[in-house]
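The values are calculated or read from the model by the stated rules, or taken from the named source; none is laboratory data. Note that this is a predicted model, so its numbers are computed, not measured. Virtual Cβ from ideal backbone geometry, glycine too; neighbours counted across all protein chains shown. Keep in mind that these areas ignore ligands, DNA and RNA; they rest on the heavy atoms of the full protein, side chains included. Shrake-Rupley method; radii C 1.70, N 1.55, O 1.52, S 1.80 Å.
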Amino acid sequence: MSNTVKQSPAVIVRHLRRQYGKRAIIDDLDLQIESGEFVALLGESGCGKTTLVRVLAGLDEVDGGSIDSTGEIAVVFQEHRLMPWLSLEANVALGMNEKTGRLLAHNALGEVGLAGRENDWPRNLSGGQAQRVALARALVREPKLLLLDEPFAALDALTRIKMHVLVKDLVARHQPGVLLVTHDVDEAISLADRILVMRNGHLAASYFVAAETEHGRASLLRENLLQELSVDIYTNESRT
Ligand SMILES: Nc1ncnc2c1ncn2[C@@H]1O[C@H](COP(=O)(O)OP(=O)(O)OP(=O)(O)O)[C@@H](O)[C@H]1O
Ligand SMILES: [Mg+2]
């Protein structure tokens, strides 16, 4: 029985619809993410990725369809959204029972490499450190589904690579289903098990990364994804 629960998908979305006025931003969207599965979501700017994240997180309304998840859903945005008047520990433990919250926050801060900074303040953190606290805050509740909306976009290249390693490690340890929104095709390929492309309000393409990158074909996948995003990689080069 417990096995069944463990194996249940992180989220099942059917015929999802969200519209602003008469405009459908999400239109008949189906999505299933398994526990422990890392899914990256690509799509042109304005195609509805953040709207999808907000709807899945319960931060926005649904106009049709269903979202089924058997556990907690946590979200990390591009901005860390920490409370400036709360210590790092209190930020991570926000809304939890004081005693357990403190212990769990201590452990979570340790996991993201910020042990000993419990009583420090958000204003004293670099961008990368603040995102690590945001990750700790998301993971401390052991979410079944972790939503990451361009969490590395504002970071410098080196910090971003370090965050990739950290996120991969944390996800392997905690095993949430992950939906990572990114504009970075290479980031998607290096982190995800599956890559989805959103277009016209629904998921227009899906690639299993391992199958696509075997036999050294990662560059072909990269090319296909760039084409999906309407980026012509030959624009400044000869096609011959
Ligand atoms: N609260 C709102 N009211 C009306 N329109 C909205 C609202 N939120 C988003 N939109 C519109 O919905 C569309 C999708 O926005 P969304 O932020 O989901 O795109 P996105 O794919 O995340 O883009 P980006 O890659 O630039 O972050 C846009 O046209 C946007 O203007
Ligand atoms: Mg967005």
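Data for the structure
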{"read-out": "The lone exception for G21 - which of (1) within 16 Å of ligand 1 (Cβ to nearest atom); (2) among the small types (G, A, S); (3) closer than 19 Å to L179 by Cβ; (4) open to solvent by 40 Å² or more (accessible area, probe 1.4 Å) it fails", "value": "(3)"}
{"read-out": "The stretch 182-215 - residue that is part of a helix (DSSP H, G or I) and open to solvent by 70 Å² or more (accessible area, probe 1.4 Å) and, of those, modelled with the highest pLDDT", "value": "D186"}
{"read-out": "Positions within the stretch 98-128 being assigned to a helix (DSSP H, G or I), closer than 24 Å to H164 by Cα and aliphatic (A, V, I, L, M), in sequence order", "value": "L104, A105, A108, L109"}
{"read-out": "Matching residues, the stretch 61-72, being open to solvent by 70 Å² or more (accessible area, probe 1.4 Å) and in contact with a helix residue (DSSP H, G or I) (Cβ under 9 Å, 6 or more places away or on another chain)", "value": "E61, T70"}
{"read-out": "Test: residue in the stretch 143-153 that is modelled with pLDDT under 95, more than 16 Å from ligand 2 (Cβ to nearest atom) and not aromatic (F, W, Y)", "value": "no"}
{"read-out": "Lone qualifier among L191, L203 - being touching an Asp or Glu at 6+ places or on another chain (Cβ under 9 Å) and touching a residue at least 24 places away in the same chain (Cβ under 8 Å)", "value": "L203"}
{"read-out": "Matching entry among G95, G71, G116 (being more than 27 Å from V209 (Cβ to Cβ), at pLDDT below 95 and away from ligand 2 (no atom under 16 Å from the Cβ))", "value": "G95"}
{"read-out": "Restricting the stretch 132-156 to residues that are under 20 Å from S35 (Cβ atoms) and of a type in the set (A, V, I, L, M), the residue that is farthest from ligand 1 (Cβ to nearest atom)", "value": "V140"}
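Table: residues versus (1) in a loop (DSSP other than H, G, I, E, B); (2) open to solvent by less than 50 Å² (accessible area, probe 1.4 Å); (3) under 13 Å from L179 (Cα atoms); (4) more than 9 Å from ligand 1 (Cβ to nearest atom).
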{"residue": "G36", "(1), (2), (3), (4)": "yes, yes, yes, yes"}
{"residue": "G46", "(1), (2), (3), (4)": "yes, no, no, no"}
{"residue": "T50", "(1), (2), (3), (4)": "no, no, yes, no"}
{"residue": "R54", "(1), (2), (3), (4)": "no, no, yes, no"}
{"residue": "L59", "(1), (2), (3), (4)": "yes, no, no, yes"}
{"residue": "Q78", "(1), (2), (3), (4)": "yes, no, no, no"}
{"residue": "L82", "(1), (2), (3), (4)": "yes, yes, no, yes"}
